[in-house]
C-alpha cells in the first residue's frame, strides 16, 4: 500500500479530538452553556453516525447533509438543525487549522434554512396578572416579585439574571452590571424605582437566609442558591397561577423589548440595553408587536393633514 493510499484511510478520532476543541473554546472565553451546546452537537452527530453501521465517523458535506436531513425527518426544529450544523462547521474548521485534517471538508457549505418563530409577547394584562401572582409576604414571594419586575423592565437574558451576584446590583443607583453576557460581553443595565423597590424588599428578606453570606443574588427556599432551572420553575408556577399559557422566561425579554419601543425608546438604546450587536436581533425580538407599533405611529404622525 502506498503512503498516499494509507493517508486516505487514516481514521480521524473525531470524538477524542473534540475534547481538545472544547479546551480551545474555553480558553477563548466561550460560556459553559455554549460549550455544552457544541458538545451535544458533536456527540449527537457521532452517535447518529455509529447507528448507521459505520465504525469510522466521517465529517464531510455528504455525511452532514444526510445527518441534517435525518434530523428533520425525525421532527427536529429548524433552529436545532442550524445549531447542530453551526457547531459541526466550526469543529471542521478547527480540525483543519490544527492540521488534524488535510482541509476543511465543510467549507462553503450553507446552513439549513430556518424560519424564525415569532415569540408572542406578554400583554399588559398578562404582566399585571403575573405581578399579582407574586404578591405575598414570604421570602419566595419577594424573590419572585423581584425577578419578574426585573426581567419585565430590563429584558435580561434568563441566564444573565440567574448569574447575578449581590455586588452586581446597585439598588440606589438603579443600575446593575452584567459581568458576562452572550459572547462574553459585559454591559450596564438601568432600572426604575419600582424595580428598585422590589429588589430592596428581596435583599432585606435575603439577610435572614442561611446562605445570606454567599455572593449569589438569588437564593432558594431550602438553603440553596437559585439557578436558571430553579428560577424557570418558580416563575412558571406563578405564570400558571396567573392563567398564562405557554410561558417561559424568554417571553419576558421579548416583552421588554417591545415595551421599550412602544414607550418611545430608541433602537440604539434598546440594542445597548439588551446586549445586541445587530438590528436583526432587535427586529426578531419585537416582530410580534411591530404591526401594532406601526399603526400607533401612523396615527401620531398625522399624515392625513393635507
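The values are calculated or read from the model by the stated rules, or taken from the named source; none is laboratory data. For clarity, every value in this text was computed on a predicted model and none was experimentally measured. All Cβ positions, glycine included, derive from the backbone under ideal geometry; neighbour counts span all protein chains shown.
Residues in the range 59-85 that are touching a residue at least 24 places away in the same chain (Cβ under 8 Å) and within 16 Å of residue 14 (Cα to Cα): how many? Residues meeting the conditions: 6.
Of the residues making up the range 265-287, those that are in a loop (DSSP other than H, G, I, E, B) and either within 17 Å of the chain's Cα centre (by Cα) or modelled with pLDDT of 85 or more (or both) number 4. Checking the range 176-184 against the condition returns a match, with at least one residue being on the phi > 0 side of the Ramachandran plot and assigned by TED's automatic domain parsing to the domain that holds residue 225.
With respect to the conditions (1) assigned to a helix (DSSP H, G or I); (2) within 27 Å of residue 35 (Cβ to Cβ); (3) more than 17 Å from the chain's Cα centre (by Cα), residue 201 falls short on a single one, namely (2). Selection of the range 44-58 for residues being assigned to a helix (DSSP H, G or I) and either without any contact (Cβ under 8 Å) to a residue 24 or more places away in the chain or surrounded by 16 or more Cβ atoms within 10 Å (Cβ to Cβ) (or both) yields 44, 45, 47, 48, 49, 50, 51. Going by what's in this entry, would residue 62 be described as outside the structural domain of residue 276 (by TED's automatic domain parsing) and buried (at least 16 other Cβ atoms within 10 Å of the Cβ)? Criteria not met by residue 62.
In summary, residue 222 fulfils each of the numbered conditions (1) touching a residue at least 60 places away in the same chain (Cβ under 8 Å); (2) exposed (fewer than 12 other Cβ atoms within 10 Å of the Cβ) with the single exception of condition (1). Report whether or not residue 192 is surrounded by fewer than 21 Cβ atoms within 10 Å (Cβ to Cβ) and at pLDDT below 95. Answer is yes for this residue.
Scanning the range 164-182 for residues that are out of contact with any strand residue (DSSP E or B) (no Cβ under 7 Å at 6 or more places or on another chain) and assigned to a helix (DSSP H, G or I), we see that the one that is surrounded by the most Cβ atoms within 10 Å (Cβ to Cβ) is 182.
Residues in the range 238-264 that are out of contact with any helix residue (DSSP H, G or I) (no Cβ under 8 Å at 6 or more places or on another chain) and over 17 Å from residue 149 (Cβ atoms): 240, 245, 246, 264. Exactly one residue out of 129, 152, 158 is touching a residue at least 12 places away in the same chain (Cβ under 8 Å), surrounded by 14 or more Cβ atoms within 10 Å (Cβ to Cβ) and out of contact with any helix residue (DSSP H, G or I) (no Cβ under 8 Å at 6 or more places or on another chain): that is 129.
Per the conditions (1) under 19 Å from residue 142 (Cα atoms); (2) in contact with a strand residue (DSSP E or B) (Cβ under 9 Å, 6 or more places away or on another chain), the sole criterion not satisfied by residue 185 is (1).
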